[in-house]
Every structure is written in structure tokens, then in C-alpha cells.
1. Exactly one condition in (1) modelled with pLDDT of 80 or more; (2) closer than 17 Å to Ile188 by Cα; (3) open to solvent by less than 20 Å² (accessible area, probe 1.4 Å) is not met by Gly41; state its number.
2. Hey, does segment 193-200 have a residue that's in a helix (DSSP H, G or I) and open to solvent by 70 Å² or more (accessible area, probe 1.4 Å)?
3. Listed residues Cys223, Cys199; which is at pLDDT 80 or above and closer than 13 Å to Ala149 by Cα?
4. Can you tell me which residue in segment 56-74 is nearest to Gly196 (Cα to Cα), limited to those that are surrounded by fewer than 18 Cβ atoms within 10 Å (Cβ to Cβ), of a type in the set (Ser, Thr, Tyr) and modelled with pLDDT under 85?
5. Could you give every pair whose Cβ atoms fall below 9 Å, whose first residue belongs to segment 73-100 and is in contact (Cβ under 8 Å) with a residue 24 or more places away in the chain and more than 19 Å from Val33 (Cα to Cα), and whose second residue is of a type outside the set (Phe, Trp, Tyr) and open to solvent by 70 Å² or more (accessible area, probe 1.4 Å), counting only separations of at least 6 or pairs across chains?
Amino acid sequence: MAIVNCKIEVYRREGCFECCIKCLGGVPYASLVATILCFSGVALFCGCGHVALTGTVSILENHFSKTVSDHALLTEVVQLMQYVIYGIASFFFLYGIILLAEGFYTTSAVKELHSEFKTTACGRCISGMFVFLTYVLGVAWLGVFGFSAVPVFLFYNMWSTCQVLNSPMANMTSSIESICVDVRQYGIIPWNAAPGKACGAVLGEICNTSEFYLSYHLYIVACAGAGATVIALIHFLMILSANWAYLKDASHMHVYQDIKMKEEQELQDIQSRSKEQLSSYT
């Protein structure tokens, strides 16, 4: 009795192990990696970009533009961009889940679990639509990645000026006040904005604020997040293209198998009729 129970226990363990292996084999790991990368990139871009924009407006209001009307347009644009960030985060959260579900649907490992699995024209059209939409989003995010590099460049120029201002050579000379940063030349605020630029000791105070360094580093992280999102979308595009090709080949294979089964059935019918006729003659 103990031997029988031991055999049953071993069988159960082997069955559970095989089931776990089969379930793990049905996970689309490529889509899972792309989804995690996409979520991480979008989260970094949206979160860091939102906080960095707020810090940028605060720096401009406190040091470069004392009149509200001079930076009113910039404030509205920043608020609009923050709302766009909310929309981007929500959209890509849903889109990433949909692409992951599509990866589960079309992965070959899942198809092996269902012997009666058959593709439909609607499924192939949906996969093709995802390929096109992901391509469009990838091109759009290339533009977002380039756009996110602009504030990094502006803050880098300002940081470089701060480094020159704090260098020993600058402290030994009397031309510290000639070292300036003029944000009006970048088109952020109009040319008649006052003061519009910061020089010498004022610039040194800006460089030592936590808002400046925090915004600078957040813009760098947001740019890196946009780059990660571009990589994730390219990864998704390769996966979707491969899955669409698989669905197309699978549909052709099903058509071929159906035709072959019909021909074999017709051949069997002909052979059975021939045997019946032969038996009737004899």
C-alpha cells in the first residue's frame, strides 16, 4: 500500500511539473520584456518630465521673468504639456496591456496547447492594425525623444556656464559679471522680458538652487525614458511583424489541411464505391 501511494505521489509531482513547464512555455517572454521596458520608459518620461517642467517654470518666474504677462504663454504651454503627459501615460498603460495580450494570443507556445486553434481573417487584420499603429507610434516617439533632448541641451549650456563661473580662473579675474545666461535667445520668453538674463552673482545663486539641479537631472532621466520607449516600440514592432507572419502562414496551412482532408475523404468514398460495385458484380 505504501509503494502504491508513493507511485501516485511521484505521478502527481511529475504531472504538476509538466503542467508548470507547459504554462511557462506559453508565456510570450519577448512581449513581456517589451511591455516592462515600455512601461518603465513611459513612467520615467511622464513622471520626470512633469516635475521638471514645473521646476523650469519656477526658475523662470523667480529669476528671468518678473512680469506675469511675459511668461503667461509659456505657463499655458507647460500646463498643456502636463495634460498631454497624463494622456500619454494612460494611453500607453492600456496599449501595453493590449499588446501583451496580443502576444499571449499569437505566441506559438499557446497555440501548441490548443490543437483546435485556428486563425481568422479578423484576427489577422487586428494583428496587421497593431503593426501599423506601433510603427506610427514609434516614429512619433522618435520625435518626442528629439524634443526631450532640447531642454537637456539648454540646461547643459547653463550648467557649463555655472562651471565656468565657479572655476578658479574666473574667481581670480574681475570679469565675473560678464559671464551671463540669456534665456531670451532660446525663444522661451520674449525679448522685452525683464531681466531676461542672469549674470555673475545672480547666476551663481541660480546655479546653487536645488530646483536647477533637480530639473536638469530630471530632464536627463526623461530623455532616457523616451529613448527606452522608442526601443520598446521597435521591439514590439519586430514581435508583431513576426506574429502577423505566423498567423498568415498558419491560415494558409489550415486551408491546405482542409483541402487535403476533403481530397482524402473523396478518395475514400470513391474506393468504397468501387468495392461495393465489385462486390455486387461478383
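1. (2)
2. no
3. Result of the check over Cys223, Cys199: Cys223.
4. Thr67
5. Val78/Thr54; Gln82/Thr54
Listed here are the residues, each with its yes/no results for (1) assigned to a helix (DSSP H, G or I); (2) open to solvent by 70 Å² or more (accessible area, probe 1.4 Å); (3) touching an Asp or Glu at 6+ places or on another chain (Cβ under 7 Å); (4) modelled with pLDDT of 85 or more.
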| position | (1), (2), (3), (4) |
| --- | --- |
| Thr119 | no, no, no, no |
| Gly128 | yes, no, no, no |
| Leu133 | yes, no, no, yes |
| Val136 | yes, no, no, yes |
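Condition check ((1) acidic (Asp, Glu); (2) at pLDDT 85 or above; (3) outside any helix (DSSP H, G or I); (4) over 26 Å from the mean Cα position of the chain (by Cα)) across all residues:
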{"site": "Cys125", "(1), (2), (3), (4)": "no, no, no, no"}
{"site": "Ser148", "(1), (2), (3), (4)": "no, yes, no, no"}
{"site": "Pro151", "(1), (2), (3), (4)": "no, yes, no, no"}
{"site": "Leu154", "(1), (2), (3), (4)": "no, yes, no, no"}
{"site": "Trp159", "(1), (2), (3), (4)": "no, yes, no, yes"}
{"site": "Gln163", "(1), (2), (3), (4)": "no, no, no, yes"}
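The values are calculated or read from the model by the stated rules, or taken from the named source; none is laboratory data. Nothing here was measured: the structure is a model prediction, and the numbers come from that model. For neighbour counting, all protein chains shown are included, and Cβ atoms are generated from backbone atoms with ideal geometry for every residue, glycine included. We work out accessible area using only protein heavy atoms, side chains counted, and drop any ligands, DNA or RNA first. Shrake-Rupley method; radii C 1.70, N 1.55, O 1.52, S 1.80 Å.
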